Amino acid sequence: MHLKSLSIIVLLGLLVSCSKERVHIKPTISDITESVYASGKVKADQQYNVYSTVNGILQSILVKAGDSVSIGTQLFVLDNMTSELNSQNALLALQLSEENNKSSSDKLKEVESTVELAYQKYLLDSSLFVRQKKLFEQNVGSKLDLEQKQLNLTASRTNYESANARFKQLKTVLAKELKNAGLNYSISQKMANDFTIKSTVNGRIYDVLKEQGELITPQTQLAVVGSGTQFYIELEVDENDISKIRIGQEVVVNMDSYKDEVFTAKLTHIYPIMNERTHTFTVKAAFVEQPKVLYPNLSLEANIVLNTKKNAIVIPKEYLVDGKFVMISEDEKQEVKIGLKDYKKVEILSGLDSTQFIYKPL
């Protein structure tokens, strides 16, 4: 009985030993594509967040989510009573300055009259001096009379030149005031226009985030606007992979909203700065053929294709040891040179052929 039990145990041991034989396979010949994984989302072309450049109370909301808009379409109006008063004051100052610059203005006419009187006095004194000089040359009149007439002429000429200079200076000052008044009015108009927020694109309102009566600051997001027909893909690429990425590479896209479909795109832009928080780079891609229905912020996963090779010798990734060896027996390693890799397979360039068995590492 004891011998019979021992035989059964030995037999079972042999059976267990056979059942634990290491799994082994041969390399296969198939196509392989090396790619970089990236996650991202759909964005509308020209999509932007709407902000105000001024503080104010949201007085009117002129659009709702889903509305189509054009460049210049009014979206929001903020209360701008103070700005309107400033604009009116600036307009009054501009109008007053324009009146003062007219040749018929009281300011100019007053100084112009002074110039004319000084000029006439200058002409009179000049005539009297010439006349007195001729009389003096004929020995009529005294030298004192001649000197007095010359002194009067000099004084009137100085007075005329001074009045003329004041007239020119006044015109210069008034012209400068007119320019400043025009500039102030333009600034006040611009500030008044800032209280009316307009669309900068032809597109669609995707979201309105505030309600009438709320206090708005330049940090307050009001809405999301973008193209209603054209969309692109925004992806985040890990810093370890960014050196492999090039503009023009093919992108294979999967979206939860189109579970049974695969879309292709082309890489169009690489933003040359890393996000220090996520250690990723942002890249953009354009659909080769855009899905019929898309919305901003749809999530997606993508593979950026680096290389593709047909009829390659490949093995499963889990059969590779330390990145460069395969097991050609249960206890013997052999070095291989690898090529392309995807998330399941590795290409073997040399060191192994399709007729050899390899064993799965323990």
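Just so you know, all these numbers are worked out from the coordinates, no wet-lab data involved. Since the structure is predicted, the reported quantities are computational estimates derived from the model, not experimental observations. We place every Cβ from the backbone using ideal geometry, glycine too, and count neighbours over all the protein chains shown.
Close amide H pairs (under 5 Å, H built 1.01 Å from N) link L75 with I197, K198, S199, residues at least 5 positions away or on another chain.
The modelled label-to-label distance between R157 and Q219, using points 7 Å beyond Cα along the C-beta direction, is 7.1 nm. Exposure proxy ranking for D125, D331, D67, based on other Cβ atoms within 10 angstrom of each Cβ and starting from the fewest, stands as D331, D67, D125. Note on segment 82-193: along the principal axes its Cα atoms extend 80, 17, 14 Å, ordered by decreasing extent.
So what is the 222 nm mean residue ellipticity for the chain from helices alone, if each DSSP H run of at least 4 adds -39500 (n - 2.57) and you divide by all residues, rounding to the nearest 500 deg cm²/dmol?
Values: 4 runs with 122 residues, N = 362.
Calculated at 222 nm, the ellipticity per residue is -12000 deg cm²/dmol.
Taking amide hydrogens as placed 1.01 Å from N in the peptide plane, the amide H of N307 sits under 5 Å from those of E34, each at least 5 positions away in sequence or on another chain. If R0 is 22 Å, what FRET efficiency do you get for H269 and E289 from their C-beta distance, rounded to 0.05? Calculated transfer efficiency: 0.70.
The charge dipole of segment 82-193, taken about its Cα centre with unit charges on the Cβ of Lys, Arg, Asp and Glu (plus for the first two, minus for the last two), comes to roughly 360 debye. From most to least packed by mean Cβ count within 10 Å, the peptides 296-304, 68-76 give 296-304, 68-76.
Return the whole-Å distance between the Cα centroid of segment 192-227 and the Cα centroid of segment 319-340. One Cα centre to the other: 60 Å.
Computed from the C-beta positions of Y37 and E332, the FRET efficiency with R₀ = 45 Å rounds to 0.85. Taking the centroid of alpha carbons for each part, segment 40-72 and segment 139-158 are 81 Å apart. Over the chain, Cα pairs under 8 Å with separation of 6+ residues give a relative contact order of 30 percent.
Using a cutoff of 8 angstrom between alpha carbon atoms and counting only pairs six or more residues apart, the relative contact order for segment 82-193 works out to 47 percent. Net charge near I61, counting Lys/Arg +1 and Asp/Glu -1 over other residues with Cβ under 9 Å of its Cβ? Residues close to I61 contribute a combined charge of +1.
Which translational diffusion coefficient, to the nearest whole µm²/s, is obtained for the chain from the Stokes-Einstein equation, given a Kirkwood hydrodynamic radius over C-alpha pairs, 10 °C and 1.306 mPa s?
Working: Rh = 30.5 Å.
The diffusion coefficient I find is 52 µm²/s.
Place +1 on the Cβ of every Lys and Arg and -1 on the Cβ of every Asp and Glu in segment 217-362, take the dipole about the Cα centre, and give the residue among F281, N307, S257 whose Cα lies farthest towards its positive end. It is N307. Around the amide H of I348, modelled in the peptide plane, lie the amide H atoms of I313, V314, I315, G339, all under 5 Å away and 5 or more residues distant in sequence or on another chain. If R0 is taken as 45 Å, the Cβ-Cβ distance between S350 and Q46 corresponds to a FRET efficiency of 0.35.
Please give the peptides 179-185, 227-233 ranked by average Cβ packing (other Cβ atoms within 10 Å per residue), highest first, as a rough proxy for protection.
Working: 179-185: 16.0, 227-233: 18.0.
Descending packing order for the listed peptides: 227-233, 179-185.
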